[in-house]
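Colleague: Pasting a structure here, questions to come.
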Amino acid sequence: HWADSASLDILRYVLSDMKGSSCVYLIGSYRSNEVSSDHAVFGLMSNLKQCNVQLSRVQLDGLEIEEVNQMVSDALGIFPRITKPLSQLVLRKTKGNPLFVLECLRSLIAHDLLRYSFRERRWVWDTDTIGAEDIADNVCKLFSTKMMALPENTQLALKVASCFGTTVNSMIVESLASCSVNFAGLQSELEKAVDNDFMDKDGSAYRFVHDKVREAAYGLIPEMERDQFHQNVGWLLYRSSLGSKDDDMIFFITDQINHGTVEDPHQCIIIAELNYKAASKAMGNSNFAAAHFYSNAAMRLLPEDCWESHYDLSRNIFLVSGNAAYSDGQPDEAMSALNNLLIHGKSLKDKLDGYYLKIALLHTRQESKPAYDTCLEVLEQLGEVIPTIVEPRIFVKKAETLNAKLNQMSESEFMNFKKMDNPFHHFLMQFYNQVCHLSYFVNAPMLKWFAYKIAELSLEHGFCKFSAIGLMRYAMVLSGKLLDDVKIGYKVGKMALKLLDRFDAIDVVSGVYLCYYGYIAVHIEPFQSCADMLKRGFEAALSTGDTQTALLNSLHYLQKCFVSGGNLSVLKKECDYQMRLVEAHSLPFFKVYTSAWEQTISMIIAREGSSSLTSSDDTSRVEDLSEAKVFHGVLQNFWFGHYDRCMYYAERSPALTDISKLKNIMVVFYSGLSCFHCSRKINTKHMKVAKRAVEVMKQNGRGSSWNYKNKVHLLEAEIYSARGKKDEAKVSFNAAISAARSSKFTHEEGLAYELSAYHSLKLNDNKDAL
């Protein structure tokens, strides 16, 4: 129960592995009398239960008299029938707590109430005397009593160690010993604590043998003096760290000094700087809750005239505060901090980082249009001229010129291309990437121009980490409807992936994976591989606090898993987890899409069909998202055999004109099969739909036979069957089954078997159908 929320989140992720591949057996413990009903450990157990992780809870009560007597008998080396009266006394005083039992025996020995008799050659005691003795009624008091018998310097060492939790490392011990005469012998005193069984030596660190021992040591410090004691220790560590470039001690120093209050203005500024450094380091460690705490502490310590008296520090603190609050799911706090920065910032350069975060926050809050407009304003302030309309013919001509340059570059030339060294160009790349992403939601026709501009800037001024995501977005454009050049798009995308390692671009990994594995690689690589990498993109985004990009990766992960025949029960758990994230971060936009997937998957698992999406408060919003409604309408109705309804939705799909996206390709596939099984007689229109489906699958199959070969065979089999070519149909059905099995598309293998059986039934071949 000492674990922090970040550690519990890691446990939840490992134990509820969405692929069902977790092989971890975890034993955890907590004291029911020391945790409240809202403790994070209960939230962990609830989340694990929702993910169908098997939990077993064991209530450990105190030892009974038989067990206590066995312990006492073993400890004293005396028959149980002789030790039972002593054991009954020990049980009464310890309530069967095993640690307390042992310490109680040690206390009796220390007080000469339990002693070894050489004449009788065994341990002896006086039951009446022990019964009358006032022995501490809990283990902490017992430890405290023993500690107070130690020399003052040893007690001081225990007090200091207790301020750092259950473990104090050698770095702290050495720092304190080097800067204060009072602590010069700290290490030797801790060794005495080890000798007295209060602490263990764990490598170069000292660890309390039990958290109750640490609690007893902390109790040696009078409650009214604890804050001051912490601060004194913290200031000593601070002075010892002056002049050092390492920040390894920053959390230890800051945590100690943050106890209590400080009145001195000069000290307040020092502590504010420490909290800023701690917040920045916590952000780098993806510990957003801690970063949020430290940044808030830093803001509270700033004086009222901070923007005049400490401008640089104030700018840094408000920026990290906005970032931390945003990453920790506190959008209102984040916006307040960022607005403060943008109001008081002296120059555009000082405000750029704040603008970047504010734009991301606006988008997260579903204010995409204001975010888009703000981004354009910043680019214009940076001197960029943004066209209002991009003529397709002119754009294609520009793109062809740029593509020729990219196509001529070898992998070696690409990886060794010059680095972008001008900070101004870095900012341009940063905001062009942001506006490119926003244009997808606000002004889709402009996306291709923004992506082109990023690629052009990269080739003109050099590569940076934003070139990875920018070139990947341009690769998306190349693979899209307008240019339809999957080959060059795939090449540019593969090269952009390599830039991640070159620039150690952790914060853009999730966006790069989203573009590549969500839109480009699906035309070349197996759906299952794309799903695996999108899952990594989801995890990478969460680790940097980018919940929005994490959820976009997760939505594409659901799509790729579904079309590749992933385990629906596992996908349902993924949906549930995603919904919890959406609700925790108040993201209704994502709730709409996740609800659509949750409904489709739940319906198929329950085998309860429906004609369309429900009209609940959340999922009804999909009515405004026509592509999502059409796609899920096609999925639901096809897999429930409502083929007329499936055709109805398919006829309203963008797939009629755009087959660059996977969901549209799948709509074409499902509609191509549905036309053979709808209530109306197969006609020329149906056959035209089926033939187009075959052409689309073959076109995509040239890039990835793994993904599309079985689909081509299955559609051809249905066409042969409709034309009465039974032998050709049977060969194609068998080929579809074999190809689906080879590609591990279990659902489409089953579908091919089912349609093959229908074909045999039409021929009155019941045996073959079975």
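Colleague: On the given criteria, is SER679 of a type in the set (Ser, Thr, Tyr), under 29 Å from TYR490 (Cα atoms) and either assigned to a loop (DSSP other than H, G, I, E, B) or without any contact (Cβ under 8 Å) to a residue 60 or more places away in the chain (or both)? Reasoning before the result, please.
Modeller: Numbers: of a type in the set (Ser, Thr, Tyr): yes; under 29 Å from TYR490 (Cα atoms): no; either assigned to a loop (DSSP other than H, G, I, E, B) or without any contact (Cβ under 8 Å) to a residue 60 or more places away in the chain (or both): yes.
It is false that SER679 is of a type in the set (Ser, Thr, Tyr), under 29 Å from TYR490 (Cα atoms) and either assigned to a loop (DSSP other than H, G, I, E, B) or without any contact (Cβ under 8 Å) to a residue 60 or more places away in the chain (or both).
Colleague: Among the listed residues TYR670, TYR753, TYR720, identify the single one that is aromatic (Phe, Trp, Tyr) and open to solvent by less than 20 Å² (accessible area, probe 1.4 Å).
Modeller: On the way: TYR753 fails: open to solvent by less than 20 Å² (accessible area, probe 1.4 Å); TYR720 fails: open to solvent by less than 20 Å² (accessible area, probe 1.4 Å).
Checking each option against the conditions leaves just TYR670.
Colleague: Could you please give the count of residues in the range 68-113 that are surrounded by fewer than 19 Cβ atoms within 10 Å (Cβ to Cβ) and under 13 Å from PHE143 (Cα atoms)?
Modeller: Selection size over the range 68-113: 4.
Colleague: Next question. Out of the range 578-622, which residues are open to solvent by 40 Å² or more (accessible area, probe 1.4 Å), modelled with pLDDT under 50 and not hydroxyl-bearing (Ser, Thr, Tyr)?
Modeller: ASP617, ASP618, ARG621
Colleague: Does the range 216-229 contain at least one residue that is over 23 Å from PHE183 (Cα atoms) and surrounded by 18 or more Cβ atoms within 10 Å (Cβ to Cβ)?
Modeller: In the first step, residues of the range 216-229 are kept if they are over 23 Å from PHE183 (Cα atoms); the result is none.
Looking through the range 216-229, none of the residues is over 23 Å from PHE183 (Cα atoms) and surrounded by 18 or more Cβ atoms within 10 Å (Cβ to Cβ).
Colleague: Any residue in the range 352-365 that is within 12 Å of ASN339 (Cα to Cα) sitting within a Cβ distance under 9 Å of a residue that is of a type in the set (Asp, Glu) and in a helix (DSSP H, G or I)? List the pairs, counting only those 6 or more apart or interchain.
Modeller: Filtered contacts from the range 352-365: TYR355/GLU377.
Colleague: Ok, one more. So which residues in the range 732-746 are surrounded by 16 or more Cβ atoms within 10 Å (Cβ to Cβ) and under 22 Å from CYS561 (Cα atoms)? Walk me through how you get there before you give the answer.
Modeller: To start, the set of residues in the range 732-746 that are surrounded by 16 or more Cβ atoms within 10 Å (Cβ to Cβ) comprises 732-733, 735-737, 739-740, 743, 745.
Within the range 732-746, ALA736, ILE737, ALA739, ALA740, SER743, PHE745 qualify.
Colleague: Kindly indicate the residue of the range 158-215 that is among the acidic types (Asp, Glu), outside any strand (DSSP E or B) and touching a residue at least 12 places away in the same chain (Cβ under 8 Å) and also surrounded by the most Cβ atoms within 10 Å (Cβ to Cβ) among those meeting that condition. It would help to see each step written out before you state the result.
Modeller: Of all residues in the range 158-215, those among the acidic types (Asp, Glu) come to 174, 189, 191, 195, 197, 200, 202, 211, 215.
Cutting the leftovers down to outside any strand (DSSP E or B) gives us 174, 189, 191, 195, 197, 211, 215.
Filter again for touching a residue at least 12 places away in the same chain (Cβ under 8 Å), leaving 174, 189, 197, 211, 215.
Details: GLU174: 15, GLU189: 22, ASP197: 12, ASP211: 14, GLU215: 16.
Out of the qualifying residues, it is GLU189.
Colleague: Does the range 502-512 include one or more residues that are touching a residue at least 40 places away in the same chain (Cβ under 8 Å) and assigned to a loop (DSSP other than H, G, I, E, B)?
Modeller: Our first condition is that a residue be touching a residue at least 40 places away in the same chain (Cβ under 8 Å); within the range 502-512, this holds for 502-503, 505, 507-508, 510-512.
From what's left, assigned to a loop (DSSP other than H, G, I, E, B): 503, 505.
Yes - at least one qualifying residue is present in the range 502-512.
Colleague: So is ASN707 in contact with a Ser or Thr (Cβ under 8 Å, 6 or more places away or on another chain), open to solvent by 10 Å² or more (accessible area, probe 1.4 Å) and part of a helix (DSSP H, G or I) or not? If you could, list the steps in order and put the result at the bottom.
Modeller: Numbers: in contact with a Ser or Thr (Cβ under 8 Å, 6 or more places away or on another chain): yes; open to solvent by 10 Å² or more (accessible area, probe 1.4 Å): no; part of a helix (DSSP H, G or I): yes.
So ASN707 fails the test.
Colleague: Restricting attention to the range 422-435, does a residue exist that is open to solvent by less than 40 Å² (accessible area, probe 1.4 Å) and out of contact with any Leu (no Cβ under 9 Å at 6 or more places or on another chain)?
Modeller: Checked against the condition, which is being open to solvent by less than 40 Å² (accessible area, probe 1.4 Å) and out of contact with any Leu (no Cβ under 9 Å at 6 or more places or on another chain), the range 422-435 yields at least one hit.
Colleague: Right, here's the next one. Scan the range 1-32 for residues that are farther than 30 Å from LEU568 by Cβ, modelled with pLDDT under 70 and of a type in the set (S, T, N, Q) and jot them down.
Modeller: Correct list: SER5 only.
Colleague: Output the residues belonging to the range 562-591 that are farther than 21 Å from ALA606 by Cβ, among the aliphatic types (A, V, I, L, M) and either free of Cβ contacts under 8 Å to residues at least 60 places away in the same chain or outside any loop (DSSP other than H, G, I, E, B) (or both).
Modeller: Hits for the range 562-591 are LEU581, VAL582, ALA584.
Colleague: Shifting gears a bit: What residue, among those in the range 504-538 that are among the acidic types (Asp, Glu) and modelled with pLDDT of 90 or more, is most open to solvent (accessible area, probe 1.4 Å)?
Modeller: We begin by selecting, within the range 504-538, every residue among the acidic types (Asp, Glu); these are 504, 507, 525, 532.
This time we only want the ones that are modelled with pLDDT of 90 or more, so: 525, 532.
Values: GLU525: 32, ASP532: 67 Å².
Selected residue: ASP532.
Colleague: How many of the residues making up the range 142-157 are open to solvent by 20 Å² or more (accessible area, probe 1.4 Å), free of Cβ contacts under 8 Å to residues at least 60 places away in the same chain, in a helix (DSSP H, G or I) and within 25 Å of GLN231 (Cβ to Cβ)?
Modeller: Keep residues of the range 142-157 that are open to solvent by 20 Å² or more (accessible area, probe 1.4 Å), which gives 144-146, 148-153, 155-156.
Remaining after also requiring free of Cβ contacts under 8 Å to residues at least 60 places away in the same chain: 145-146, 149-153, 156.
Now drop any that are not in a helix (DSSP H, G or I), which leaves 145-146, 152-153, 156.
Narrowing the set further to residues that are within 25 Å of GLN231 (Cβ to Cβ) leaves 152-153, 156.
Residues that pass the stated criteria total 3.
Colleague: Please work out if MET299 is among the hydrophobic types (A, V, I, L, M, F, W, C) and open to solvent by 40 Å² or more (accessible area, probe 1.4 Å).
Modeller: On the way: among the hydrophobic types (A, V, I, L, M, F, W, C): yes; open to solvent by 40 Å² or more (accessible area, probe 1.4 Å): yes.
Considered against the rule, which asks whether it is among the hydrophobic types (A, V, I, L, M, F, W, C) and open to solvent by 40 Å² or more (accessible area, probe 1.4 Å), MET299 comes out as yes.
The values are calculated or read from the model by the stated rules, or taken from the named source; none is laboratory data. Predicted model, so just to flag it, every value in this text is computed and none were measured. Here Cβ is always computed from backbone atoms with ideal geometry, including for glycine, and neighbour counts include all displayed protein chains. All accessible areas refer to the heavy atoms of the entire protein, side chains included, with ligands and DNA or RNA removed. Shrake-Rupley method; radii C 1.70, N 1.55, O 1.52, S 1.80 Å.
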